[in-house]
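This report concerns only the one structure given below.
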């Protein structure tokens, strides 16, 4: 999968695209580190963000989607939340952004602002 990300990004860079978002849930810092190392060959300024949310709010959001596998999604969220919490204690999963009280646009704005403030102030979390 990481090789596919590399190929897609390299192709799009060759055709004028500069910014890319990979929406993926990392379960270990080693997994994230592997992808970052691959992508930093294409662009040294790679940013990683770990989006978190309080359990009750995430359950509310999931219920609002009206999906058939709601019970499974709720169980999987709790499982992933615990896996990521433990993984973050031994390594980085990216800059944490608590999305509990944020809209989608506010989350995007927070990430965008962080990336641009880093460009002005120097690297904080690249790789």
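The values are calculated or read from the model by the stated rules, or taken from the named source; none is laboratory data. Quantities reported herein were computed from a predicted structural model and do not represent experimental measurements. Note that each Cβ is placed from the backbone with ideal geometry, even for glycine, and that neighbours are counted across all protein chains shown.
Scanning the range 2-20 for residues that are over 26 Å from residue 90 (Cβ atoms) and either under 15 Å from the mean Cα position of the chain (by Cα) or touching a residue at least 60 places away in the same chain (Cβ under 8 Å) (or both) yields 19, 20. Residue 92 passes every criterion in (1) farther than 25 Å from residue 30 by Cα; (2) in contact with a helix residue (DSSP H, G or I) (Cβ under 9 Å, 6 or more places away or on another chain); (3) modelled with pLDDT under 95 apart from (1). Among the residues of the range 55-77, none qualifies, meaning not one is exposed (fewer than 11 other Cβ atoms within 10 Å of the Cβ), farther than 15 Å from residue 25 by Cβ, within 15 Å of the chain's Cα centre (by Cα) and without any contact (Cβ under 8 Å) to a residue 24 or more places away in the chain. Test residue 38 against the stated conditions and say whether it is more than 22 Å from residue 110 (Cβ to Cβ), touching a helix residue (DSSP H, G or I) at 6+ places or on another chain (Cβ under 6 Å) and either surrounded by 15 or more Cβ atoms within 10 Å (Cβ to Cβ) or without any contact (Cβ under 8 Å) to a residue 60 or more places away in the chain (or both). Criteria met by residue 38.
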